[in-house]
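K.L.:
Structure provided below as structure tokens; questions to follow.
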Amino acid sequence: QKRAYEISLGLVGSEMCIRDRSDVVNGILSQIKWGGYHGQPIHFIMCDEVQDLPPATLFLLLKLAEQTLFFSGDTAQTIAQGVNFRFADLKSIFQDVKLPSGMPAIMQLSINFRSHARILDLANSVIRVLELLFPGSIDKLKKESSPFDGIMPVVLDTDMKEALFNLLIGTAQLPSGKAEGLLSRPPLEFGCDQVIIVRNQKAKANLPSFLKHALCLTIYEAKGLEFDDVILYNFFTDSESPEEWKLIKALIVQDYLRDCFTG
């Protein structure tokens, strides 16, 4: 970290005068502090995906809004590296800015109309693991629910490529209950409504041959997009810390036992 900091200082002081986004934001905040804001008046600000913005950027937006602002986002969907956003932390930023309209209210939307209940069950289980391993990293909110039912997501081991292929063409022979509902639908034909999501660009080259013709995106590229069918391929295998993922199995058992004894 010390060496990286020395390199960054060298870049800033060099003839190239390299700056990143944080440098730009801090520079604007400094100008506003000492000279005020003399640009186009901004009465209202509405900002989505606020969980991917660093505190300095949020502070700048608050300084620019003259009357009202509206932030929306989900801390469990943060994908920007180095950003640890929580809505609970916004209160301290609001207090520093001293908004004319006073302290904004924080409201939670717990009904999800985009995804069906089976997908939300899986998503809520992942959020539960985040809450256990990183209790201070996300807001602990009411779990989302959906008025719509759907097909249960299927988890396949890394060495089950043949099973994945058969599942896609509609001829899978998986254990009872493993592919509940999947075999009752037509074979999957890849188009603009289907996608394969991988961890990074390098993982795209490692896709099996029967998936190479399909649309493949990284987490960053797929952010904000919607698809009917999604394959999350080798997300854990391609992690830089694959062994640590084994902790999840122990957590599932401990969480289950705790629910048994407390509920």
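K.L.:
Evaluate the distance, in nm, between pseudo-label points positioned 7 Å from the Cα of ASN200 and of LEU64 along their respective Cα→Cβ axes.
P.N.:
Taking the simple label geometry, ASN200 and LEU64 are separated by 3.3 nm.
K.L.:
Can you compute the label reach from SER137? Point 7 Å from Cα along the Cβ direction, backbone N cut-off under 14 Å, restricted to segment 107-130.
P.N.:
126-130
K.L.:
Another question, if that's okay. Of the listed pairs LYS140/LYS223; LYS63/LYS223; LYS33/LYS63; LYS63/LYS91; LYS202/LYS223, which have alpha-carbon separations greater than 20 Å here? List each step's numbers first, then the result.
P.N.:
Values: LYS140/LYS223 22 Å; LYS63/LYS223 28 Å; LYS33/LYS63 10 Å; LYS63/LYS91 15 Å; LYS202/LYS223 18 Å.
Pairs exceeding 20 Å: LYS140/LYS223; LYS63/LYS223.
K.L.:
Please give the FRET efficiency for ASP238 paired with MET103, using the beta carbon to beta carbon distance and R0 = 41 Å, rounded to the nearest 0.05.
P.N.:
Numbers: r = 43 Å, r/R0 = 1.05.
Computed FRET efficiency for ASP238 and MET103 comes out at 0.45.
K.L.:
Something else now. Please give the length that would be gained between ARG114 and SER72 if that part of the chain were fully extended, namely 0.36 nm times their separation in residues minus their C-alpha to C-alpha distance (nm, one decimal).
P.N.:
Taking ARG114 through SER72 to full extension adds about 13.5 nm, to one decimal.
K.L.:
What does the C-alpha gyration tensor say about the overall shape of segment 101-145? Classify as rounded when a/c is under 1.5, otherwise prolate if a/b is larger than b/c, or oblate.
P.N.:
Details: a/c = 4.09, a/b = 1.28, b/c = 3.20.
Since a/c reaches 1.5 but b/c is at least a/b, the shape of segment 101-145 is classed as oblate.
Read-outs: derived from the displayed coordinates by stated rules, not from any lab. Keep in mind that this is a model prediction, so the values were computed, not measured. Note: ideal-geometry Cβ built from the backbone for every residue, glycine included; neighbour counts use all protein chains shown.
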